[in-house]
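Rule-based calculations on the coordinates, nothing more; no lab input. This structure is a prediction, so every number in the text was calculated from the model and none was measured. Please note: Cβ atoms are built from the backbone with ideal geometry, for glycine as well, and neighbour counts cover all protein chains shown.
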Amino acid sequence: MSGTLNKVMLIGHTGDDVKMHYFEGGNSLGRFPLATNETYTNKTTNERVTNTEWHNVVVRNKAAEICEKYLKKGDMVYIEGRLKTRKWQDEKGMDRYSTEIHCTDFTFLTPKGDSNPNNSGNNAGQSPQKPQPSQQQQNNALPEDDDDLPF
């Protein structure tokens with residue numbers, strides 16, 4: 001095979017709310033941690049073991065704004081994207097590396113009417129909302145009006 005593939009698909013729970021960064025020219029970037037779990041039974045002790053892996057997710061522009069508006073800590077979400085490793089320097093001048101998931105598509109899996117134990121009552125008093133379309137579906141939609149509804 002002559003081509004290469006850099007594709008990641010994850011289903012997990014958000015570890016925090018989306019942190020937004022805004023840039024000149026109107027571009028924006030959202031970041032949030034995503035936890036995935038692996039559970040198995042240790043054959044020698046017959047004990048159930050759960051390992052959690054944390055992933056740094058990056059979303060851009062309109063997708064970031066949608067995630068900021070609808071994703072809360074503890075929500076379950078499907079993320080599709082690609083791996084990217086960044087190199088940066090810490091305060092001591094040492095080279096550091098971060099591997100991130102640059103999100104190209106997402107689907108919210110937690111219904112908005114469901115209460116989440118990690119979510120400190122942010123949904124109280126809100127009516128359930130329809131699941132939001134994925135970013136890829138939004139890109140294929142007709143030109144949108146000036147309202148800020150993502151659907």
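Side notes on the structure shown:
- Share of pairwise Cα separations in the stretch 1-111, more than 22 Å, in percent: 44
- Under 17 Å from the Cα of Lys112 - lysines, other chains or at least 8 residues apart: Lys69, Lys72, Lys73, Lys130
- Ranked for footprinting exposure by Cβ neighbours inside 10 Å, fewest first, Tyr78, Tyr70 give Tyr78, Tyr70.
- In this structure, Leu29 and Asn51 have a Cβ-Cβ separation that, at R0 = 22 Å, corresponds to a calculated FRET efficiency of about 0.15.
- Listed from fewest to most Cβ neighbours within 10 Å, the set Leu109, Leu5, Leu34 follows the order Leu5, Leu109, Leu34.
- Stretchable slack from Ser2 to Asn61, in nm (0.36 nm times residue separation minus alpha-carbon distance): 18.0 nm
- Peptides 60-67, 83-90 ordered by packing proxy, namely the average of other Cβ atoms within 10 Å per residue, highest first: 60-67, 83-90.
- Whether the stretch 21-75 is rounded, prolate or oblate, judged on the alpha carbon gyration tensor where a/c under 1.5 counts as rounded: prolate
- On full extension, the segment bounded by Arg96 and Ile11 gains 27.9 nm, given 0.36 nm per residue less the C-alpha separation.
- Sorted by Cβ neighbour density within 10 Å, fewest at the top, the residues Leu71, Leu10: Leu10, Leu71
- When you filter the chymotrypsin sites (Phe, Trp or Tyr not before Pro) in the stretch 1-40 for DSSP loop state and at most 14 other Cβ atoms inside 10 Å of their Cβ, you are left with Phe23.
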